[in-house]
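The structure appears right after this line, and notes come after that.
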Amino acid sequence: RPFNLPSLSLQFSMKLSGSILVYWFAWIIAFYLLLYSVNDSVLLISAIAFPLSVCYGVLALIMPGGLGVREGIMVAFLFSTGMSSESAITISVISRIWFMSGELFIFLLALLTKILDKK
């Protein structure tokens, strides 16, 4: 079946790139605050573990949602920044729960919006 890929102008791509950078920067700050709430002696570079693990988790085609892949990459990165293995494992599990609760909130909000829209 033939398909058509839309092309994006350079100007639109630049605008979109700015939005994407703000989005990922917000995730980095939020993850750093999560790290800091668990361990107050955390390095700022450790916050890069979340977007790094999410990107590699998406690339893992075999595991749905990068389950296990994200956590493994996050633990390895946090451990390489000097965090203890127990703290790194704890944070990787907490971050999965944190992310899933955010997705659940968005889903429930959309469901509520749909129900209220029908009334």
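Please verify whether Ser41 is out of contact with any helix residue (DSSP H, G or I) (no Cβ under 7 Å at 6 or more places or on another chain), among the polar types (S, T, N, Q) and free of Cβ contacts under 8 Å to residues at least 60 places away in the same chain, treating the condition exactly as stated. Working first, answer last.
On the way: out of contact with any helix residue (DSSP H, G or I) (no Cβ under 7 Å at 6 or more places or on another chain): yes; among the polar types (S, T, N, Q): yes; free of Cβ contacts under 8 Å to residues at least 60 places away in the same chain: yes.
It is true that Ser41 is out of contact with any helix residue (DSSP H, G or I) (no Cβ under 7 Å at 6 or more places or on another chain), among the polar types (S, T, N, Q) and free of Cβ contacts under 8 Å to residues at least 60 places away in the same chain.
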Among the helices (runs of 4 or more DSSP H) lying completely within region 13-119, list those that include at least 3 residues that are more than 17 Å from the chain's Cα centre (by Cα).
85-118
Is there any pair with a first residue in region 1-25 that is of a type in the set (A, V, I, L, M, F, W, C) and a second that is at pLDDT 90 or above whose Cβ atoms are under 6 Å apart and which are 6 or more apart or on different chains, and what are they?
Trp24/Pro51
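Suppose we filter region 58-81 for residues that are open to solvent by less than 70 Å² (accessible area, probe 1.4 Å) and of a type outside the set (Val, Ile, Thr); how many remain?
11
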Close pairs from region 71-100: first in contact (Cβ under 8 Å) with a residue 40 or more places away in the chain and closer than 15 Å to Tyr32 by Cβ, partner open to solvent by less than 70 Å² (accessible area, probe 1.4 Å) and aromatic (Phe, Trp, Tyr), Cβ under 8 Å, at least 6 apart:
Ser95/Phe31; Ser95/Phe50
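From the list Gly57, Gly66, exactly one residue is of a type outside the set (A, V, I, L, M) and in contact with a Phe, Trp or Tyr (Cβ under 9 Å, 6 or more places away or on another chain). Which is it?
Working: Gly57 fails: in contact with a Phe, Trp or Tyr (Cβ under 9 Å, 6 or more places away or on another chain).
Only one candidate qualifies: Gly66.
The values are calculated or read from the model by the stated rules, or taken from the named source; none is laboratory data. Bear in mind the structure is a predicted one, so any value in this text is a computation, not a measurement. Glycine also receives a Cβ, built like all others from the backbone with ideal geometry; neighbour counts cover every protein chain displayed. The protein model used for the area step is the full one, side chains on, heavy atoms only, and it has no ligands, DNA or RNA in it. Shrake-Rupley method; radii C 1.70, N 1.55, O 1.52, S 1.80 Å.
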